[in-house]
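First the structure, in the form of structure tokens, and then the observations on it.
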Amino acid sequence: MSFLAKAVRRPGTWLLILLLVGITFLHYAYLLKHPTFLADLTANLGLTRYTVERVLYLLPIILASLLFGWRGGVTVTVIAVCCMLPRGILNAPHRVDDLVETSIIFIIGILVSYSLESLKKERERRAQLETAQRELQVQLHVIEENEKRLAALNRTASIISQTLELDRVFDSAVDCVRDVTGVDAVRIYVIDSATRELTLAAYRGISEEFAAGASRMKVGEGLNGKVAETGEPLFVKDVSEEDRPLRLLADKEGIRSELIVPLLSKGKVVGTLCVAMHTERTFLSEDVDLLTAVGNQIGVAVENARLYQQERKVAEQLRVSEQRYRELFENAHDAIWLHDLEGNIVAANRACVRLTGYSLEELCSLKATRLLSEDSQNIARDMQAGLLKGDDVGCFGEVKLVKKDGTEALVQIASSLVYSADKPAFFQHLAWDITEARNMQENLRFLLHQITRVQEEERKRIARELHDETIQTLVALCLRIDDLASSAKVPPEVRLRLEELYQQANTIMMEARRLSQDLRPAALDSLGLVPALEGLASQITRYSGIVTEVNVVGEKRRLPDEVELVLFRIVQEVLRNVWKHAEATTANITLEFVDGSIVATFKDNGKGFEPPKVLSNLPRYGKLGLAGIQERVQLLGGTLAINSEPGKGTIITAKLPF
């Protein structure tokens with residue numbers, strides 16, 4: 001039904017129907033009186049009119065074959081036979097002739113239908129062959145172009161991959177591009193990531209003047225700058241009309257047409273490739289594709305060359321750094337050795353050889369624990385465990401080093417981790433011999449202790465002499481003056497002078513008694529530390545007006561004479577500083593007796609100060625009194641802490657063992 005619907009909608013179908021109707025009408029027109037010219041015409045041709053009418057049926061058969069193929073031709077042939085048969089059957093005198101002619105027309109119609117169908121198919125096959133031939137030629141052309149492109153790419157890749165030196169890569173690239181594309185001039189620009197400028201890296205076919213004028217340009221400026229900014233190829237038929245920054249140079253150089261493609265590496269524009277002609281040239285899409293592919297290869301080569309240069313630079317820096325480290329390692333005055341995580345010594349310097357007495361070969365065959373005494377090995381293990389946990393970047397400690405001859409040396413050691421591939425690989429130890437320094441420190445401490453003891457003995461002697469001689473003499477003098485002043489024979493004027501002398505002598509006696517107490521309070525020797533401090537606090541309150549209190553925590557007890565004396569001198573110095581510098585109104589002294597030690601805390605509400613971060617720097621800040629306190633505490637192996645802020649008072653804590 002769909003075939004019939006399509007056939008009905010075709011104009012040829014109606015023409016075919018009209019032909020069949022017309023010819024059939026003529027075939028049966030003997031029933032009508034049709035014009036006689038047709039009979040005369042057929043007679044002159046030696047044909048009967050019925051033969052001509054039957055031959056005319058071949059026209060719709062041929063038309064149907066052309067319009068609908070062999071099926072349409074056969075169908076119309078059958079219809080034509082059906083139209084002719086009634087006439088042949090009814091025409092008794094010439095029935096045989098009519099049937100023969102009708103059969104001939106049927107056979108000819110069938111042959112014509114199949115012949116036209118065969119001719120049509122032959123034409124279609126020829127058309128298909130011609131189309132296939134054209135497509136084959138196109139494919140051959142594409143293959144030839146691809147081969148040309150691949151050959152150019154292979155040649156470019158082969159040339160620019162022969163070296164990783166950036167300058168040689170650029171020179172090889174411009175020569176290869178010029179040979180492959182047949183252009184007059186080639187320029188390669190690279191992007192300076194620091195300044196975001198295009199720098200002319202290599203060129204061919206242009207003058208030095210043009211190269212100097214076009215050596216640098218901003219990204220986004222000019223044709224090459226636009227390509228660097230957009231990352232898209234750009235063809236310019238006439239450069240003088242487009243590239244304003246280089247218009248004069250281009251006119252002078254005679255450059256007309258340019259094709260510019262980006263140099264890409266990992267999707268990032270690293271530069272541009274520009275080819276130019278002195279005459280106008282239209283670059284085909286194949287040229288653009290070829291140059292783009294070449295540009296990509298050059299971009300990758302440039303990136304590889306840059307990475308190679310960076311790696312060489314880093315390698316050189318590492319070599320120099322390693323050489324410097326090796327020189328520092330070998331020439332260091334302090335002993336340095338490295339051992340792996342299993343404790344095997346892998347490297348040591350000459351200072352380590354001198355310190356330990358082992359040769360370098362002997363050291364590299366030892367375990368690191370062989371260099372330390374048993375008690376120092378535990379210290380070293382704790383230090384290394386802390387380093388592995390990441391608690392410290394570097395740690396310090398004092399250990400005893402065992403030399404080759406069996407003697408021991410006290411060394412200060414600084415340990416750190418050495419990493420390989422971001423993993424701990426070695427322990428590095430820097431050690432310096434502090435045996436002599438420690439002995440000298442102990443000697444100095446002993447001498448200072450002896451000097452302090454002698455000083456205290458001298459204070460004690462002077463205080464006793466003041467008490468037993470000077471003060472007693474002053475007391476006798478005061479009594480003698482008082483007796484004279486009380487005599488009735490003394491005139492009033494003399495009595496007044498004697499009373500003044502009495503007051504002066506009494507004042508001198510009181511000052512001598514105070515001086516004796518400061519030098520060596522008798523209560524300290526007879527009653528102990530706490531009563532002596534309470535007396536000192538009362539004295540400070542009486543003379544300065546600063547309310548001073550002494551508090552005791554724990555069971556009060558007598559301490560060794562040396563400890564009591566040091567604590568008394570510390571409190572004495574602290575209270576003197578409070579009196580002279582702190583501008584305080586109250587001061588508090590707390591003595592806390594604990595097992596094996598005593599903690600003395602001094603607190604005031606004065607103006608405070610900013611103490612140094614390291615107490616050993618107290619003399620540099622002019623805190624000589626506090627520096628003396630620190631020395632006294634250190635003499636007894638104690639510790640001292642100072643907490644103070646401007647405007648918030650001061651807290652000093654001293655802890656002494658006994």
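None of the figures in this text is laboratory data; all of them are computed from the coordinates on show. Because the structure is a prediction, the values reported are computed rather than measured. Note: ideal-geometry Cβ built from the backbone for every residue, glycine included; neighbour counts use all protein chains shown.
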Under 22 Å from residue 623, Cα to Cα: lysines that are on another chain or at least 8 residues apart: 580, 603, 607, 613, 648, 655
Hey, with R₀ at 35 Å, roughly what FRET efficiency would residue 590 and residue 442 work out to, going by the Cβ-Cβ distance, to 0.05? 0.60
Mind checking which aspartates and glutamates have their C-alpha under 13 Å from residue 218, skipping anything on the same chain fewer than 8 residues away? 192, 197, 229
Length gained when the stretch residue 451-residue 237 is fully extended (0.36 nm per residue, less Cα-Cα span): 66.9 nm
1/(1 + (r/R0)^6) with r = Cβ-Cβ of residue 553 and residue 167, R0 = 60 Å, i.e. FRET efficiency to nearest 0.05, evaluates to 0.15
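Please give the FRET efficiency for residue 373 paired with residue 144, using the beta carbon to beta carbon distance and R0 = 60 Å, rounded to the nearest 0.05.
It comes to 0.10.
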Per DSSP, loop GluC sites (Glu not before Pro) in the stretch 551-615 with at most 14 further Cβ within 10 Å: 555, 583
Assuming 0.36 nm per residue, please report the length gained on full extension of the stretch residue 127 to residue 620 beyond their Cα-Cα distance. 166.6 nm
Loop-located trypsin sites (Lys or Arg not before Pro) in the stretch 567-658, at most 16 other Cβ atoms within 10 Å (DSSP): 607, 613, 648
Partners for residue 423 among aspartates and glutamates (Cα-Cα distance below 18 Å; same-chain residues under 8 apart left out): 340, 342, 391, 392
Cα-centred dipole magnitude for the stretch 525-658, charges only on beta-carbon of K, R (+1) and D, E (-1), debye, nearest 20: 380 debye
